[in-house]
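Notes follow once the structure below has been shown.
The values are calculated or read from the model by the stated rules, or taken from the named source; none is laboratory data. Fair warning: this is a prediction, and the values are worked out from it, not measured in the lab. Note that we place each Cβ from the backbone using ideal geometry, even for glycine, and neighbour counts take in every protein chain shown.
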Amino acid sequence: MYDFPGLRPATDAFWAAIHEALVARDLPAVPEALARDRDFEALWTDPDLLLAQACGLPFVSLLDGRVRYVATPVYAVEGCAGGDYRSWLVVSADWPGSKIADLSGSIAAVNAPHSQSGANALLAMTSGVAGGRRFFADIRVTGGHRASLEAVRGGAAACAAIDCVTWHHLAHEARAGLRILAASPTAPALPYVTSSRTDDATLEHLRRALGEAVERAPAACRRLALEGIRTEGADYGRIRAMLRHGLTHGCARLATLMRDLAARP
């Protein structure tokens, strides 16, 4: 999910370590290379999926019952702790406001309505000030965090919620002219998942391989800001609860875009 061009060599090195650990366990048909040309939902729901990383909001909504949880990454960046992460509410450096309430009547940029970091976190951040009303004048769906930042920098939007891992990895130029206004509540970081058809033995192999890969590829993990793997205790129900609360108390315009996700189990 953080497969920026500059990080791809490190991502590939991390996968190579996972591959080595799985092959050593005699797991059959382990792909040698990562697939990067698939639509996210098609990839996540492929019955032959061995391993992928998913966003937390789809994980508890459209993927519920369609994938199995494998593990949670632990990132070593500001805003992350023990397998949790958060989003930063980003505005232009010269925007005159000082608090979230000052954004009332402005335009917000959102990468996608099904994004935990870009949409659900923003919905949660408006819950204390919107009271379920139309807090933002409009919502601009941009298709990605970088595009959301460009919308803020260029004046097409006043704010965007950007997850702290993405913010950490962005080049200085991508953050130029922007500042952090506020932080969202924390949520479990983006989970590693496998097909719903994956058996228990393979699931355990995947978990052990991920943990071993962190040890086998330290340079790659440092580049990815990945310091460990957590395989239990991550409560993704917090994301569902965040959504349900936000749909009632957050910005009504944003809630309208996201409401169908709440109907998922």
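This table checks each residue for (1) among the small types (G, A, S); (2) under 20 Å from T72 (Cβ atoms); (3) within 20 Å of the chain's Cα centre (by Cα).
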site: A187; (1), (2), (3): yes, yes, yes
site: S196; (1), (2), (3): yes, yes, no
site: T202; (1), (2), (3): no, yes, no
site: H205; (1), (2), (3): no, yes, no
site: A219; (1), (2), (3): yes, no, no
site: G228; (1), (2), (3): yes, yes, yes
site: A234; (1), (2), (3): yes, yes, yes
site: G237; (1), (2), (3): yes, yes, yes
site: L243; (1), (2), (3): no, yes, yes
note = Just one listed residue, out of A124, A161, A108, A157, is surrounded by 15 or more Cβ atoms within 10 Å (Cβ to Cβ), in contact (Cβ under 8 Å) with a residue 40 or more places away in the chain, within 16 Å of the chain's Cα centre (by Cα) and not in a helix (DSSP H, G or I), and it is A161
inquiry  = Just to be sure I understand, how many residues within the stretch 164-184 are touching a Gly at 6+ places or on another chain (Cβ under 8 Å), surrounded by fewer than 17 Cβ atoms within 10 Å (Cβ to Cβ) and assigned to a strand (DSSP E or B)?
reply    = 1
query = If we keep just the residues of the stretch 204-217 that are hydrophobic (A, V, I, L, M, F, W, C) and farther than 16 Å from A29 by Cβ, which is surrounded by the most Cβ atoms within 10 Å (Cβ to Cβ)?
reply = L210
Options G246, G228: the member that is at pLDDT 95 or above and either under 20 Å from S117 (Cα atoms) or among the charged types (D, E, K, R) (or both) = G246
request  = Just give me the residues in the stretch 204-259 being among the hydroxyl-bearing types (S, T, Y), in contact (Cβ under 8 Å) with a residue 40 or more places away in the chain and outside any loop (DSSP other than H, G, I, E, B), in sequence order.
outcome  = T248
remark   = Flagged in the stretch 130-149 as farther than 19 Å from R175 by Cβ and not in a loop (DSSP other than H, G, I, E, B), in numbering order, are A130, D138, I139, R140, V141
